[in-house]
Amino acid sequence: MPAKDQTLWKRLIPPWRLFLPMILLGVVGVVTLSSISPAALVRKQLFWHLLGLSAYFTMLVLPSESWRKLTLPLYLLSLLLLVAVDIAGVTTMGAQRRISLGVFQIQPSEFAKIALVLASAWVIEREKKPYNFVTLFKPLAVLAPPFLLTAAQPDLGTALVMMGIVGAMVLHRSVRPRTALTLLTVFLLCIPVIWNSNLVLKEYQKDRIRAVLNPEKDPLNKGYHIIQSKIAIGSGRIWGKGYGHGSQSRLNFLPEKCTDFVFAVFAEEWGFVGSVLLLLLYAFFIWQAYSVARYARDSFSCLVGVGLATMLMLHFFINVGMTMGLLPVVGVPLSLVSYGGSSLVVTYTAVGILSNIWKERGPL
């Protein structure tokens, strides 16, 4: 076999620390969906998994130098797609977040996260000193367009994930203590203004926050999602009701059971023990993702690693938090487990980039 082919095959071998938990989480998602969904929906999810795996291995063999070259085109393309959503997007459940491509739909805000990570890394790596009020303008200028376009859909959950991603990357580069303290103080002082102004939070978004504090106040409307999710999780007890025997999901008491509240379905079927094992698997997965940044070969790859690992962490933290009634319901999927094509492909792509960074660093 020629040396070039040998190199290609070597690059196709994924690092088990990221690949194995990714595959296990994907299997958990398919098994959970198959217990509550028709076969046609499961087949669609399997198709997205296969497409996602193709994206994973493409990122695995793609030279990292090409990411820098593709950063600006991908960022501009993501903005164009977000604008296209506003012009010709498909409205579902009161939100205009998707573009129809005939056979299926895509959610551009999911793909915009990858472009945002690359663009932010490209800007942040050039800053050699800790950030102050003036220099913070640069990463904020990168964040603002996708953040505002996504929040306007409205999709505040994804917009907040974008903010968290860039924030983590900026903090990793370092921020002057005085700047950080001043920004935190200003934010805390602005909370009453944000709450009382409909320009930032819509009334239904405020209702979701109120529902976290007291879901029983409106159990059949605003608090319904959280109450039914907590019932499902609690009814699983220690060992769960078993595969396909979750009453809350099978009797359709649990809303959005295939997407936002899929963790509640899993917890009801597999109980406390199964839930703890799943959480530990996610913890290991996210820990390994952050380890990529630690051992990256250059600052750009390091920042990309921080951004993508933060994206995975926020999806996990927000989804499980809202399912357990600890955070407002904001429509953030549980990566690799929730149903959804765009989220799956983006997650596989992100892990593929992380795996590439890991392999280029070499064995630990």
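The values are calculated or read from the model by the stated rules, or taken from the named source; none is laboratory data. Bear in mind that the values here come from a model prediction, so they are computed numbers and not experimental data. Neighbour counts are summed over all protein chains in view; Cβ atoms, including those assigned to glycine, are modelled from backbone coordinates with ideal geometry. Side chains included, ligands, DNA and RNA excluded: accessible areas come from the protein's heavy atoms. Shrake-Rupley method; radii C 1.70, N 1.55, O 1.52, S 1.80 Å.
Scanning segment 159-182 for residues that are closer than 14 Å to Phe133 by Cα and touching a strand residue (DSSP E or B) at 6+ places or on another chain (Cβ under 8 Å), which turns out surrounded by the fewest Cβ atoms within 10 Å (Cβ to Cβ)?
Top of the filtered list is Ser174.
I need every pair where a residue in segment 67-86 that is farther than 14 Å from Val304 by Cα has its Cβ under 7 Å from the Cβ of a residue that is among the hydroxyl-bearing types (Ser, Thr, Tyr) and buried (at least 20 other Cβ atoms within 10 Å of the Cβ), sequence separation at least 6 or different chains.
Leu82/Ser109; Leu82/Thr150
Just wondering, is there one or more residues in segment 144-157 that are open to solvent by less than 30 Å² (accessible area, probe 1.4 Å) and modelled with pLDDT of 90 or more?
Yes, segment 144-157 contains at least one residue that is open to solvent by less than 30 Å² (accessible area, probe 1.4 Å) and modelled with pLDDT of 90 or more.
For segment 230-348, list the helices (runs of 4 or more DSSP H) that sit wholly inside it and hold at least 2 residues that are of a type in the set (S, T, N, Q), surrounded by 22 or more Cβ atoms within 10 Å (Cβ to Cβ) and touching a Leu at 6+ places or on another chain (Cβ under 9 Å); which are they? Lay out the reasoning, then the answer.
Numbers: elements: 247-250, 262-294, 299-323.
Because the criterion is at least 2 residues that are of a type in the set (S, T, N, Q), surrounded by 22 or more Cβ atoms within 10 Å (Cβ to Cβ) and touching a Leu at 6+ places or on another chain (Cβ under 9 Å), the helices (runs of 4 or more DSSP H) in segment 230-348 that meet it are 299-323.
Just checking, which of Phe137, Phe104 is open to solvent by 70 Å² or more (accessible area, probe 1.4 Å) and closer than 25 Å to Arg68 by Cβ? Please lay out each step first, then the result.
Details: Phe104 fails: closer than 25 Å to Arg68 by Cβ.
None of the others qualify; the one that does is Phe137.
If a residue must be open to solvent by less than 30 Å² (accessible area, probe 1.4 Å), more than 18 Å from the chain's Cα centre (by Cα) and touching a residue at least 12 places away in the same chain (Cβ under 8 Å), how many such residues does segment 46-66 contain? Give the steps one after another, and end with the answer.
So in segment 46-66, the residues open to solvent by less than 30 Å² (accessible area, probe 1.4 Å) come out as 48-49, 52, 55-56, 60, 64, 66.
If we keep only those that are more than 18 Å from the chain's Cα centre (by Cα) too, we end up with 60, 64, 66.
Now drop any that are not touching a residue at least 12 places away in the same chain (Cβ under 8 Å), which leaves 60, 64.
Total meeting the criteria: 2.
Hey, among the residues in segment 96-123 that are of a type in the set (Val, Ile, Thr) and modelled with pLDDT of 90 or more, which one's farthest from Gln153 (Cα to Cα)? Walk me through how you get there before you give the answer.
Filtering segment 96-123 down to residues of a type in the set (Val, Ile, Thr) leaves 99, 103, 106, 114, 117, 123.
Remaining after also requiring modelled with pLDDT of 90 or more: 114, 117, 123.
Values: Ile114: 19, Val117: 21, Val123: 26 Å.
Looking at residues that are of a type in the set (Val, Ile, Thr) and modelled with pLDDT of 90 or more, I get Val123.
May I ask you to say which residue of Val123, Val103, Val90, Val117 is touching a helix residue (DSSP H, G or I) at 6+ places or on another chain (Cβ under 8 Å) and free of Cβ contacts under 8 Å to residues at least 24 places away in the same chain? Spell out the reasoning first.
Details: Val103 fails: touching a helix residue (DSSP H, G or I) at 6+ places or on another chain (Cβ under 8 Å); Val90 fails: touching a helix residue (DSSP H, G or I) at 6+ places or on another chain (Cβ under 8 Å); Val117 fails: free of Cβ contacts under 8 Å to residues at least 24 places away in the same chain.
Testing whether each residue is touching a helix residue (DSSP H, G or I) at 6+ places or on another chain (Cβ under 8 Å) and free of Cβ contacts under 8 Å to residues at least 24 places away in the same chain leaves just Val123.
Looking at Arg97, Arg126, which one is of a type in the set (Lys, Arg), buried (at least 17 other Cβ atoms within 10 Å of the Cβ) and out of contact with any Cys (no Cβ under 8 Å at 6 or more places or on another chain)?
Every option except Arg97 fails the conditions.
Taking the condition of being touching a Phe, Trp or Tyr at 6+ places or on another chain (Cβ under 8 Å) and part of a helix (DSSP H, G or I), how many residues in segment 142-181 meet it? If you could, list the steps in order and put the result at the bottom.
First, the residues of segment 142-181 that are touching a Phe, Trp or Tyr at 6+ places or on another chain (Cβ under 8 Å): 142, 159, 162-163, 170, 173-176, 179.
With part of a helix (DSSP H, G or I) added as a condition, the list becomes 142, 159, 162-163, 170, 173, 179.
Selection size over segment 142-181: 7.
Here is a check on your reading of the model: is Gly223 at negative phi, open to solvent by less than 40 Å² (accessible area, probe 1.4 Å), at pLDDT below 90 and not β-branched (Val, Ile, Thr)? Outline the logic, then answer.
Working: at negative phi: yes; open to solvent by less than 40 Å² (accessible area, probe 1.4 Å): yes; at pLDDT below 90: yes; not β-branched (Val, Ile, Thr): yes.
Against the criterion (at negative phi, open to solvent by less than 40 Å² (accessible area, probe 1.4 Å), at pLDDT below 90 and not β-branched (Val, Ile, Thr)), Gly223 qualifies.
Return the residue satisfying two criteria in turn: it lies in segment 198-219 and is open to solvent by less than 30 Å² (accessible area, probe 1.4 Å) and either among the small types (Gly, Ala, Ser) or not in a helix (DSSP H, G or I) (or both), and of such residues it is farthest from Ala159 (Cα to Cα).
Once the filter is applied, the top-ranked residue is Ala211.
Can you tell me which of (1) of a type outside the set (Val, Ile, Thr); (2) surrounded by 12 or more Cβ atoms within 10 Å (Cβ to Cβ); (3) assigned to a helix (DSSP H, G or I) is the one Leu80 doesn't meet?
(2)
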